[in-house]
Amino acid sequence: MTSGTIPQHISRQYDNDLEHIRTRVLGMGGMVEQQLIDALRALTDSNPELAEQVLKNEFKVNSLEVAIDEECTNILARRQPAAGDLRLVMAVAKTITDLERVGDESEKIAKMAIDLSEKQGPREYYIGISSMGNFVRRMVHDALDAFARMDSTAALAVARKEPTSDDQYDAIMRQLITYMMEDPRNIGGAMDAIWVARAMERIGDHARNICESVIYFVEGKDVRHISFEEIEEQLRNGR
């Protein structure tokens, strides 16, 4: 596995176009990561004001997705890229879709933070959720770092963490179901917490998707829907 670089062309403007969309993806990624950080902080600190700020900023993420997608379309139409150039444009298009969806899930967490701040419930709701939130936030950060360096080795390492987020989700579900069984008055708050955990689990999925896009660009291999062992074997054997 290797790190990829943007190919150089006779046309300097073409190079600038490719570098520009890559840079804009990283800017969008930074914005999405901050949205996630703020949503998680609003949840754990019972801070509805911060949650409201997350909701107000969501349009910025959506606008960036539309703008970058339009740039990708223009490059496809004007440059008709092939090989590595085409893979880069495709990787960018897939990555911004996943980033926008991370933003959507952060918005859901922020909405639940507002809802939970108005309810009384055991603080145990937040223990596992806070830990899982920090885990998936780190996944998103590391996935973006792998994208910035176009490092397929780092991307695979991050993708390998995704099953851990699934395990954390299952553990939280068991815990919350226990709370509901012990006291029906816990059902409302526990159901909200379940939706938060589900949003975090999906964020882990999107972080893995970003890593798969990096591997696709660097290695030229579509590694969706196959096991990590198969991915490693394909990359090791150069198939």
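The values are calculated or read from the model by the stated rules, or taken from the named source; none is laboratory data. Fair warning: this is a prediction, and the values are worked out from it, not measured in the lab. Don't worry about glycine lacking a Cβ; one is built from the backbone with ideal geometry, like all the others, and counts go over all protein chains shown. Areas reflect the complete protein model, heavy atoms only, side chains present, ligands, DNA and RNA absent. Shrake-Rupley method; radii C 1.70, N 1.55, O 1.52, S 1.80 Å.
Whether any residue in segment 159-171 is open to solvent by 20 Å² or more (accessible area, probe 1.4 Å), in contact with a strand residue (DSSP E or B) (Cβ under 9 Å, 6 or more places away or on another chain) and either modelled with pLDDT under 90 or assigned to a helix (DSSP H, G or I) (or both) is what I want to check.
Within segment 159-171, not a single residue is open to solvent by 20 Å² or more (accessible area, probe 1.4 Å), in contact with a strand residue (DSSP E or B) (Cβ under 9 Å, 6 or more places away or on another chain) and either modelled with pLDDT under 90 or assigned to a helix (DSSP H, G or I) (or both).
Please identify the pairs in which a residue from segment 197-208 that is open to solvent by less than 10 Å² (accessible area, probe 1.4 Å) has its Cβ atom under 6 Å from the Cβ atom of a residue that is aromatic (Phe, Trp, Tyr), counting only partners at least 6 apart or on another chain.
Cβ pairs passing all conditions: Ala197/Tyr169.
Name the single residue that is farthest from the chain's Cα centre (by Cα) among those in segment 65-81 being of a type in the set (A, V, I, L, M) and surrounded by 17 or more Cβ atoms within 10 Å (Cβ to Cβ).
Step by step, filter segment 65-81, then rank; the result is Ile75.
Suppose we filter Ser131, Ser117, Ser106, Ser165 for residues that are within 21 Å of Ala93 (Cα to Cα) and of a type in the set (Ser, Thr, Tyr); which single one remains?
Criteria check complete, one pass: Ser106.
Among Asn62, Asn47, Asn16, which is open to solvent by 40 Å² or more (accessible area, probe 1.4 Å), over 18 Å from Val214 (Cβ atoms) and modelled with pLDDT of 95 or more?
From the options Asn62, Asn47, Asn16, the qualifying one is Asn62.
Ser213 passes all but one of (1) surrounded by fewer than 23 Cβ atoms within 10 Å (Cβ to Cβ); (2) modelled with pLDDT of 95 or more; which number fails?
(1)
Within segment 193-200, does at least one residue satisfy the condition of being part of a helix (DSSP H, G or I), in contact with a Leu (Cβ under 7 Å, 6 or more places away or on another chain) and modelled with pLDDT of 95 or more?
No; the residues of segment 193-200 include none that is part of a helix (DSSP H, G or I), in contact with a Leu (Cβ under 7 Å, 6 or more places away or on another chain) and modelled with pLDDT of 95 or more.
Tell me which residues, restricted to segment 21-44, are in contact (Cβ under 8 Å) with a residue 12 or more places away in the chain and farther than 19 Å from Ile210 by Cβ.
The answer is Asp38, Ala42, Leu43, Thr44.
How do the pairs read when you match residues in segment 120-146 that are at pLDDT 95 or above with residues anywhere that are not in a helix (DSSP H, G or I), using Cβ under 6 Å and keeping only pairs 6 or more apart or on different chains?
Qualifying pairs under 6 Å: Met139/Lys161.
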